[in-house]
1. Please work out if L19 is assigned to a strand (DSSP E or B), buried (at least 20 other Cβ atoms within 10 Å of the Cβ) and at pLDDT 95 or above.
2. Looking at region 73-100, which of its residues are farther than 30 Å from V141 by Cα, surrounded by 12 or more Cβ atoms within 10 Å (Cβ to Cβ) and charged (D, E, K, R)?
3. Just give me the residues in region 22-55 being open to solvent by 20 Å² or more (accessible area, probe 1.4 Å) and at pLDDT 95 or above, in sequence order.
4. Scanning region 24-58 for residues that are outside any loop (DSSP other than H, G, I, E, B) and basic (K, R), which turns out farthest from the chain's Cα centre (by Cα)?
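The values are calculated or read from the model by the stated rules, or taken from the named source; none is laboratory data. Model, not experiment: these values are computed from the prediction. Ideal geometry is used to build each Cβ from the backbone, glycine not excepted, and the neighbour counts take in all protein chains shown. Accessible surface is based on the protein model in full, side chains and every heavy atom, while ligands, DNA and RNA are left aside. Shrake-Rupley method; radii C 1.70, N 1.55, O 1.52, S 1.80 Å.
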Amino acid sequence: MDNRTSKQNYYLDIADSVLERSTCLRRKYGAIIVRNDEIISTGYNGAPRGRRNCSDLGGCAREKLHIPSGERYELCRSVHAEANAIISASRRDMIGSTLYLVGRSAQTGELLPDAMCCSMCKRQVINAGIDRVVIRVDEKVYRTIPVSDWIENDDSIFLEL
């Protein structure tokens with residue numbers, strides 16, 4: 001009998017470790033891209049290379065302005081975990097791959113059971129050629145989202161012309 005951790009939870013555990021590098025004061029995210037059981041790249045959320053992080057500055061502009069989660073990303077200093085993982089990989093290596101994503105509260109360390117790629121990251125995942133996104137819900141439970149769902153159910157169309 002095989003009592004090993006499932007492959008999905010194995011990769012989610014690695015993404016959970018990656019998020020420990022996050023410099024965001026609100027939410028910490030870790031992402032890894034895997035194809036054919038090989039890790040292609042990793043990413044966590046933090047300021048672009050060479051810029052100061054919110055953790056270095058001692059504050060978050062969005063937090064100070066009481067901006068709700070998911071809004072006004074242009075005021076955020078961070079590059080998202082998914083985007084950083086995509087930036088660090090070649091598209092030819094990402095085609096047909098899986099992106100594993102874990103999010104935690106920066107204040108409590110609790111898992112974010114409703115973690116999801118933002119609309120900008122969804123677009124990048126689609127263009128990278130990634131097939132599916134696996135998101136941790138709790139320590140052993142995860143949900144798998146076929147990227148084709150994001151293409152077919154285009155949430156960027158708000159108004160029919």
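1. Details: assigned to a strand (DSSP E or B): no; buried (at least 20 other Cβ atoms within 10 Å of the Cβ): yes; at pLDDT 95 or above: yes.
So L19 does not fit the description; no.
2. R77
3. K28, Y29, R35, N36, D37, E38, I39, I40, T42, Y44, listed by residue number.
4. Step one: of region 24-58, the residues outside any loop (DSSP other than H, G, I, E, B) are 27-35, 38-44, 46, 54-57.
Retained after the next criterion (residues that are basic (K, R)): 27-28, 35.
Numbers: R27: 11, K28: 9, R35: 17 Å.
If we take residues in region 24-58 being outside any loop (DSSP other than H, G, I, E, B) and basic (K, R), then R35 is farthest from the chain's Cα centre (by Cα).
Residues checked against (1) at positive phi; (2) in contact with a Gly (Cβ under 6 Å, 6 or more places away or on another chain); (3) free of Cβ contacts under 8 Å to residues at least 40 places away in the same chain; (4) acidic (D, E):
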position	(1), (2), (3), (4)
H80	no, no, no, no
I87	no, no, no, no
R92	no, no, yes, no
S97	no, no, no, no
G103	no, no, no, no
C118	no, no, no, no
G129	yes, no, yes, no
D154	no, no, yes, yes
